[in-house]
Amino acid sequence: MGVNVEVREVVEQKLKGSGAEILIQSLKEQGVEVIFGYPGGAVLPIYDALHRNPIRHVLARHEQGAIHAAEGYARVSGKTGVVLATSGPGATNLVTGIADAMLDSLPLVVFTGQVASTVIGTDAFQEADIIGITQPITKHNYQVKNVEDFPRIIKEAFYIASTGRPGPVVVDIPKDISNGLLMNYVDEEVNLPGYQPTTQPNYLQIQKAALAISNSRKPLILAGAGVLAAKAASELREFVERHNVPITNTLLGLGSIDGNHNLFLGMAGMHGTYTANTAICECDVLLNIGARFDDRLTGNLAHFAPNAKVIHIDIDPAEIGKNVPTAIPIVADAGEALRALLNQDIESPDTAEWLASLAANKTEYPLQYKADKERGILPQQAIELIHRLTGGDAIVTTDVGQHQMWAAQYYKFNHPHNWVTSGGLGTMGFGFPAAIGAQLARPDEKVISIVGDAGFQMTLQELSLLQELRLPVKVVIMNNQSLGMVRQWQETFYEERYSQSLIHVQPDFVKMAEAYDIAGYKVETMEQAEAVFKEAFESNEPCLIDCRTVQMENVYPMVAPGKGLNEMIGVKNE
Ligand SMILES: Cc1ncc(C[n+]2csc(CCOP(=O)(O)OP(=O)(O)O)c2C)c(N)n1
Ligand SMILES: [Mg+2]
């Protein structure tokens with residue numbers, strides 16, 4: 001379509017070849033800089049084509065490591081992460097990462113090898129029905145049936161993964177397709193009549209939203225990851241400042257506004273600040289931009305934003321009204337909607353009284369902890385130290401658990417796109433490989449991976465990548481010698497019956513680092529932490545710090561499961 005004959009000939013020439021060769025060539029045309037993968041029988045033709053026509057390939061030590069690295073890469077670069085794995089166990093090892101990317105709307109194209117078409121369905125060696133397995137956890141998936149379809153499918157896969165609400169797309173490639181010869185290539189534009197994401201907001205809805213905000217006395221913005229996916233942090237800031245509207249974030253929306261901005265109330269939700277959660281309870285207009293009102297954010301829906309007229313901007317119409325009744329739905333890209341709102345001649349609401357009451361809450365009920373030298377390092381102190389030493393400029397990845405919540409609470413981001421965490425799926429094992437992908441995407445920036453002692457052990461084999469590539473990722477293990485978040489729930493909701501959550505035997509993490517030719521440190525006091533973190537963060541080499549923290553510390557404040565945002569516990573230290 002629209003390609004002149006000469007160009008067409010060049011394209012066709014280029015794309016004549018085996019399916020495997022077409023894949024590599026198409027990836028180059030998509031601008032792919034790096035593939036995260038792991039070889040095996042069903043993808044040998046692809047690895048051979050890669051050998052002859054190289055694209056940077058990062059050999060993770062486990063497919064789960066590869067896909068979380070691709071997620072980290074996508075999160076901090078805004079580009080589509082590319083993964084390649086073999087059939088059967090290679091493909092099934094990707095499943096957790098695919099589900100993770102689906103829930104957190106990350107653009108991935110995942111290529112899996114498959115047994116030859118002739119033996120599909122016969123329980124052939126290393127056969128797994130990855131199409132069936134991933135159908136509910138992908139934005140879309142394909143099995144290539146004819147080599148003629150392959151170039152079109154690759155193009156569509158990248159288009160679907162990265163447009164609208166981003167998400168993972170799986171392309172399953174039977175071995176006869178990689179080996180098959182394509183003789184008749186037609187370069188088509190992507191044409192998907194059934195997939196037309198709405199990016200432009202409806203003008204009348206924008207007017208309604210503008211009016212509601214003008215008439216409001218207690219407006220509140222809830223900004224989610226949709227703002228970051230739309231690269232719209234500067235528009236968000238302009239809107240917030242122009243109209244003096246206070247703002248809170250979801251876990252994944254952190255960084256969309258400066259963590260120290262005077263209109264920022266901190267994160268909302270289960271471990272959100274008292275001020276943010278109370279603001280949700282009291283606001284009269286709640287403008288949700290690119291957040292999906294998930295249950296960790298809303299708490300008990302019966303008590304969620306009871307006084308608010310809800311405006312919800314989301315590129316995915318399925319999210320609007322799913323959990324929270326919405327007065328003004330706006331289906332659009334968050335950036336387009338914000339620009340449309342900025343173009344409205346809105347009279348700014350009078351928020352003076354509202355802001356004063358929120359400021360009073362901030363002063364009265366800040367995030368707090370009780371430091372005590374005798375007890376040792378509190379994880380909150382360690383995160384504050386990391387923040388101080390990096391000035392809020394680092395890319396921070398976390399794993400899942402208490403340390404994740406403390407990082408969300410205490411690391412104040414100066415920039416968007418620097419926060420990498422597993423929100424929707426809450427995947428232990430995510431944080432460390434994600435840091436590798438982030439460092440590869442932004443090689444000149446400081447990447448700190450804050451992980452739990454347990455979650456780190458789920459994917460620590462990727463230390464090999466730090467060793468091999470000398471990636472200067474700083475791994476900080478918040479070592480409370482427990483499955484801290486599980487232990488906290490057992491303490492609070494199961495009368496301190498610590499079933500399988502206290503860890504008595506651990507590897508020597510310092511020796512482990514040394515085994516991978518990485519500098520390893522152990523710190524047990526804040527004085528040691530101060531000195532070691534400083535030296536480590538200034539170095540251009542990878543390192544691992546075993547930071548021993550107080551075991552019995554809890555994340556507060558908290559909205560207990562089933563409770564409303566108005567019923568937080570642990571708001572004030574006694
Ligand atoms: C793959 C996986 N398995 C189990 C869980 C449940 N889970 C959530 S937090 C947590 C404890 C994590 O311990 P650690 O990594 O040491 O972090 P901490 O909470 O101590 O900071 C567990 C088991 C999970 N989120 N993911
Ligand atoms: Mg732990």
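The values are calculated or read from the model by the stated rules, or taken from the named source; none is laboratory data. Bear in mind that the values here come from a model prediction, so they are computed numbers and not experimental data. Note: ideal-geometry Cβ built from the backbone for every residue, glycine included; neighbour counts use all protein chains shown.
So, in the range 472-483, how many residues would count as being surrounded by 19 or more Cβ atoms within 10 Å (Cβ to Cβ) and near ligand 2 (Cβ under 10 Å from one of its atoms)?
Narrowing the range 472-483 to residues surrounded by 19 or more Cβ atoms within 10 Å (Cβ to Cβ): 472-480, 482-483.
After this cut, where a residue has to be near ligand 2 (Cβ under 10 Å from one of its atoms) as well, the list is 477-480, 482-483.
So the answer is 6.
Filtering the range 499-522 to residues that are within 13 Å of ligand 1 (Cβ to nearest atom) and in contact with a Lys or Arg (Cβ under 9 Å, 6 or more places away or on another chain) leaves Ser501, Leu502, Phe509. Where strands (runs of 3 or more DSSP E) sit wholly within the range 256-350, those with at least 1 residues that are in contact (Cβ under 8 Å) with a residue 24 or more places away in the chain and among the charged types (D, E, K, R) occupy 309-314.
Residues are listed down the side, and each one gets a yes or a no for (1) in contact with a Phe, Trp or Tyr (Cβ under 6 Å, 6 or more places away or on another chain); (2) modelled with pLDDT under 95:
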{"residue": "Glu9", "(1), (2)": "no, yes"}
{"residue": "Gly17", "(1), (2)": "no, yes"}
{"residue": "Ile46", "(1), (2)": "no, no"}
{"residue": "Gly81", "(1), (2)": "yes, no"}
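Please give the number of the condition Val486 fails out of (1) within 14 Å of ligand 2 (Cβ to nearest atom); (2) buried (at least 19 other Cβ atoms within 10 Å of the Cβ). Among (1) within 14 Å of ligand 2 (Cβ to nearest atom); (2) buried (at least 19 other Cβ atoms within 10 Å of the Cβ), Val486 violates only (2).
Among residues of the range 309-323 being touching a helix residue (DSSP H, G or I) at 6+ places or on another chain (Cβ under 7 Å) and of a type in the set (A, V, I, L, M), the one that is surrounded by the fewest Cβ atoms within 10 Å (Cβ to Cβ) is Ile315. For the range 124-143, the set of residues classified as over 27 Å from Asp316 (Cβ atoms) and among the hydrophobic types (A, V, I, L, M, F, W, C) consists of Ala124, Phe125, Ala128, listed by residue number.
Can you work out which of the residues in the range 382-411 that are part of a helix (DSSP H, G or I) and of a type in the set (S, T, N, Q) is farthest from ligand 2 (Cβ to nearest atom)? So the residue we want is Thr390. Residues in the range 437-450 that are under 19 Å from Phe36 (Cβ atoms) and surrounded by 23 or more Cβ atoms within 10 Å (Cβ to Cβ) were compared, and the one that is nearest to ligand 2 (Cβ to nearest atom) is Ser449. Candidates Val58, Val34: the one that is in contact with a His (Cβ under 9 Å, 6 or more places away or on another chain), surrounded by fewer than 24 Cβ atoms within 10 Å (Cβ to Cβ) and either closer than 13 Å to Val82 by Cβ or not basic (Lys, Arg) (or both) is Val34.
Just to be sure before I move on: is Tyr369 more than 16 Å from ligand 2 (Cβ to nearest atom), over 25 Å from Glu238 (Cβ atoms), surrounded by 17 or more Cβ atoms within 10 Å (Cβ to Cβ) and at pLDDT 95 or above in the structure I sent? So that I can check it myself, show each step before the final result.
Working: more than 16 Å from ligand 2 (Cβ to nearest atom): yes; over 25 Å from Glu238 (Cβ atoms): yes; surrounded by 17 or more Cβ atoms within 10 Å (Cβ to Cβ): yes; at pLDDT 95 or above: yes.
It is true that Tyr369 is more than 16 Å from ligand 2 (Cβ to nearest atom), over 25 Å from Glu238 (Cβ atoms), surrounded by 17 or more Cβ atoms within 10 Å (Cβ to Cβ) and at pLDDT 95 or above.
Keeping to the range 159-187, report how many residues are assigned to a helix (DSSP H, G or I) and more than 24 Å from Ala116 (Cα to Cα). Within the range 159-187, residues that are assigned to a helix (DSSP H, G or I) and more than 24 Å from Ala116 (Cα to Cα) number 4. Before we move on, is Leu469 within 19 Å of Arg61 (Cα to Cα), crowded, with 18+ Cβ neighbours inside 10 Å, touching a residue at least 12 places away in the same chain (Cβ under 8 Å) and more than 16 Å from ligand 2 (Cβ to nearest atom)? Answer is no for this residue.
Among the residues of the range 212-242, the one identified as within 15 Å of Ala327 (Cβ to Cβ) and within 18 Å of the chain's Cα centre (by Cα) is Leu222.
Listed by position, the helices (runs of 4 or more DSSP H) inside the range 64-148 whose residues that are among the β-branched types (Val, Ile, Thr) and surrounded by 17 or more Cβ atoms within 10 Å (Cβ to Cβ) number at least 2 are 95-103, 130-134.
The residues of the range 164-203 that are surrounded by fewer than 18 Cβ atoms within 10 Å (Cβ to Cβ) and either of a type in the set (Phe, Trp, Tyr) or within 30 Å of Leu425 (Cα to Cα) (or both), listed by number, are Leu192, Gly194, Tyr195, Gln196, Pro197, Thr198, Thr199, Gln200, Tyr203. Annotation: Lys522 fulfils all but one of (1) buried (at least 23 other Cβ atoms within 10 Å of the Cβ); (2) not in a helix (DSSP H, G or I); the unmet one is (1).
Residue by residue, here is whether (1) among the hydroxyl-bearing types (Ser, Thr, Tyr); (2) farther than 29 Å from Phe293 by Cα; (3) assigned by TED's automatic domain parsing to the domain that holds Ile313; (4) modelled with pLDDT of 95 or more holds:
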{"residue": "Thr138", "(1), (2), (3), (4)": "yes, no, no, yes"}
{"residue": "Glu148", "(1), (2), (3), (4)": "no, yes, no, no"}
{"residue": "Pro166", "(1), (2), (3), (4)": "no, no, no, yes"}
{"residue": "Asp187", "(1), (2), (3), (4)": "no, yes, no, no"}
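Of the residues Asn554, Asn566, the single one that is polar (S, T, N, Q), at pLDDT 95 or above and under 26 Å from the mean Cα position of the chain (by Cα) is Asn554. Taking Asn414 as the residue in question, decide whether it is closer than 22 Å to His271 by Cα and assigned to a loop (DSSP other than H, G, I, E, B). Yes, satisfied.
Yes/no matrix, rows are residues, columns are (1) away from ligand 1 (no atom under 12 Å from the Cβ); (2) touching a helix residue (DSSP H, G or I) at 6+ places or on another chain (Cβ under 8 Å):
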position	(1), (2)
Gly401	no, yes
Pro416	yes, yes
Ala438	yes, yes
Lys446	yes, yes
Val451	no, yes
Glu468	yes, no
Leu471	yes, yes
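Could you pull out the residue among Glu496, Glu462, Glu541, Glu530 that is free of Cβ contacts under 8 Å to residues at least 60 places away in the same chain and more than 11 Å from ligand 1 (Cβ to nearest atom)?
Details: Glu462 fails: free of Cβ contacts under 8 Å to residues at least 60 places away in the same chain; Glu541 fails: free of Cβ contacts under 8 Å to residues at least 60 places away in the same chain; Glu530 fails: free of Cβ contacts under 8 Å to residues at least 60 places away in the same chain.
One residue alone meets the criteria, Glu496.
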